[in-house]
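Let me begin by presenting the structure, written as structure tokens, before commenting on it.
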């Protein structure tokens, strides 16, 4: 890890180091999507002990997880000496993760949202967030973009937002969400949007791997 940070990244330490998925891969297996035979169950205790050691050595300021269900977080918290600072998950108005947010807050874990605008154009995303009639109506009434309404809603949930753009104007717009607020009625309308997960993680399923079904991967939190 020290060689990777110092030599490959050419920095002294990371700000945040995450376990991306709750599973392991065979050494040297970097292909995505992964081959079924490369998927292995993760030894939570030894992996997290190594993560904690990275933080103690000053190689990273914080450690965390990604794509962990409430059940998997509880399993980790049962033995962790340094609890995860972050759980990074898919989160947007069409997958609001209310139960997970409450569970993370109760345990002092920050929720960070990937695909906060729906990840249109990716293999797992869709345009449903940016084309939402509910969000369009709110945006038009406030003189904002749909993306700004979406990001403001996530900000008001206390979520860390992982959003990016290569367009200078959109980057500017993404930062213009802090001097206004959604009304209670706006939040109610967004809260009533039908829910469904887009990034199911089905590429990590295997009959002989750690997870055979979507239900197992997410512990029924679908």
Task: Qualifying positions in the range 125-136 - assigned to a loop (DSSP other than H, G, I, E, B) and touching a helix residue (DSSP H, G or I) at 6+ places or on another chain (Cβ under 9 Å) - done: 129, 130, 131, 132
Open item on the list: It is to be established whether one or more residues within the range 189-203 are more than 23 Å from the chain's Cα centre (by Cα) and either closer than 16 Å to residue 120 by Cβ or surrounded by fewer than 19 Cβ atoms within 10 Å (Cβ to Cβ) (or both).
Closed with: yes
TODO: Answer with yes or no whether residue 108 is out of contact with any strand residue (DSSP E or B) (no Cβ under 6 Å at 6 or more places or on another chain) and either crowded, with 19+ Cβ neighbours inside 10 Å or within 30 Å of residue 53 (Cα to Cα) (or both).
DONE: yes
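Given the criteria under 23 Å from residue 71 (Cα atoms) and part of a helix (DSSP H, G or I), does residue 216 qualify? Break it down into steps so the answer makes sense when it comes.
Working: under 23 Å from residue 71 (Cα atoms): yes; part of a helix (DSSP H, G or I): yes.
Spelling it out, residue 216 is indeed under 23 Å from residue 71 (Cα atoms) and part of a helix (DSSP H, G or I).
Considering each residue of the range 159-176, count those that are more than 11 Å from residue 116 (Cβ to Cβ) and either part of a helix (DSSP H, G or I) or touching a helix residue (DSSP H, G or I) at 6+ places or on another chain (Cβ under 8 Å) (or both), and give that number.
Result for the range 159-176: 9.
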Task: Test: residue 27 is closer than 30 Å to residue 151 by Cβ, surrounded by fewer than 20 Cβ atoms within 10 Å (Cβ to Cβ), modelled with pLDDT under 95 and out of contact with any strand residue (DSSP E or B) (no Cβ under 6 Å at 6 or more places or on another chain) - done: no
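The values are calculated or read from the model by the stated rules, or taken from the named source; none is laboratory data. Source: prediction; values computed, not measured. As a convention, Cβ positions derive from the backbone with ideal geometry for all residues, glycine included, and neighbour counts pool all protein chains shown.
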